[in-house]
Amino acid sequence: MSRVAYVNGTYRPHGQAVVHIEDRGFQFADGVYEVWGVFGGRLADFDGHMTRLHRSLNELRIPIPMTREALKQVLNETIRRNRVQNGIVYLQVTRGTAPRDHAFPQDTAPSVVVTAKRVDTAKGEAMAARGAAGVTQPDIRWGRCDIKTVGLLPNVLAKQAARESGAYECLMYDEMGLITEGSSTNAWIVDENGKLRTRDTQANILKGVTRTQLLDIIAEEGVELDERPFSVEEAKKAREVFVTAASTFVMPLVSLDGVRIGDGKPGPVATRLRAAYLEQADRDAV
C-alpha cells in the first residue's frame, strides 16, 4: 500500500489523503487514470502513458491539470516518498468538485491523485514461469473503451469472476464471440497455425501502452503479426495465449475456462516477448 499520496498539490499520509464527497470521479466516474510500471525507482514508458492520458482527457473535455514535466516531478516524488524501487505508480484525474449535476460544471479545477506501491516481482516471475489460468465472459462495457476512464464496474465484475474461478484474468468477448480484451489487459494468441494475433485498437479496444511497446519489439525482432480478431474457440485451440499490461508485462495463460492451452505450459513466444519487454522497459525507464 502507498504510504504517502499526492492530492491536489499536497503530499499526505495515505490514511489522511481524501477528496471531497462531491468530486465527480466519486459521483459519476467522471475521470481518467494511468498506471506506470516502476523499474529501479524510474518510470517505464513515460511518454506513452502521458500521450494516452492527454488523449483521454481531451476526449472527455477535462482540462490538462499540469505540464508534462510538472506531472513527471509529482510522479517521481510520490515514488521517492514511498520508497518504491519496483512497483507501480497510479494517477487519477477527475473533472473536479462541484454540486452534483450531470452536466459539466463551469470553471472547476480538475482533481489530481497519485499513489505508488511496491510489487512483489518474484511472485510475478513465478506466475509467468508456470503460467496462469483464464476464464471468459460476455463484454458488457460501454461504447468508449478507448478512453481510460475510471468507470470500471464491468471490469471489476469480470475480474471478480476470474478470482472466484481460481483464475488470474477474464477475457471478455463481444456479441460475435470475438475476444475484445481482458478485464485489465490486452489479449494475444499464437493461433493453431503459429501466427501471432491480437485485435486491432479501432474496434473499441484500449490502446495499451505495453501493447504498443510490444508491437515495436515484435517488429524489431521480425515476428509476423496479424492484427485481427479471434474467437473464444480459436483461443482455446491456440498454441499460446497471453495478456499484456503495465502491471502484468507479458503474462502467459495456460488454460481458458478449464481448457488446456497448448501443452499447458508458457510458450516460447510469450516467454521471449516478456524477456524482451522487461529488458527494454528497464533500459528506457526515466
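The values are calculated or read from the model by the stated rules, or taken from the named source; none is laboratory data. Quantities reported herein were computed from a predicted structural model and do not represent experimental measurements. Counting neighbours? That spans all protein chains shown, and the Cβs are built from the backbone with ideal geometry, glycine included.
Here residue 210 fulfils each of the conditions (1) more than 25 Å from residue 91 (Cα to Cα); (2) surrounded by 15 or more Cβ atoms within 10 Å (Cβ to Cβ); (3) not charged (D, E, K, R) apart from (1). The test for being assigned by TED's automatic domain parsing to the domain that holds residue 252, crowded, with 18+ Cβ neighbours inside 10 Å and farther than 28 Å from residue 55 by Cα holds for residue 132. When the range 240-271 is filtered for residues that are touching a strand residue (DSSP E or B) at 6+ places or on another chain (Cβ under 9 Å) and either over 18 Å from residue 181 (Cα atoms) or assigned by TED's automatic domain parsing to the domain that holds residue 40 (or both), the ones remaining, listed by number, are 258, 260, 262, 263, 264, 265, 266, 267, 268, 269, 271.
The condition of being under 19 Å from the mean Cα position of the chain (by Cα), over 21 Å from residue 247 (Cβ atoms) and surrounded by 14 or more Cβ atoms within 10 Å (Cβ to Cβ) holds for only one of 45, 23, 30, that being 30. Considering only residues of the range 116-129 that are touching a residue at least 40 places away in the same chain (Cβ under 8 Å) and either in a loop (DSSP other than H, G, I, E, B) or over 17 Å from residue 40 (Cα atoms) (or both), which is farthest from the chain's Cα centre (by Cα)? If we take residues in the range 116-129 being touching a residue at least 40 places away in the same chain (Cβ under 8 Å) and either in a loop (DSSP other than H, G, I, E, B) or over 17 Å from residue 40 (Cα atoms) (or both), then 129 is farthest from the chain's Cα centre (by Cα). Among the residues of the range 81-139, those that are within 30 Å of residue 179 (Cα to Cα) and among the basic types (Lys, Arg) comprise 123, 130.
So which residues in the range 4-16 are assigned to a loop (DSSP other than H, G, I, E, B) and modelled with pLDDT under 95, if there are any at all? If the condition is that a residue be assigned to a loop (DSSP other than H, G, I, E, B) and modelled with pLDDT under 95, then no residue fits. Residues that are within 19 Å of the chain's Cα centre (by Cα) and in contact (Cβ under 8 Å) with a residue 40 or more places away in the chain are absent from the range 95-111.
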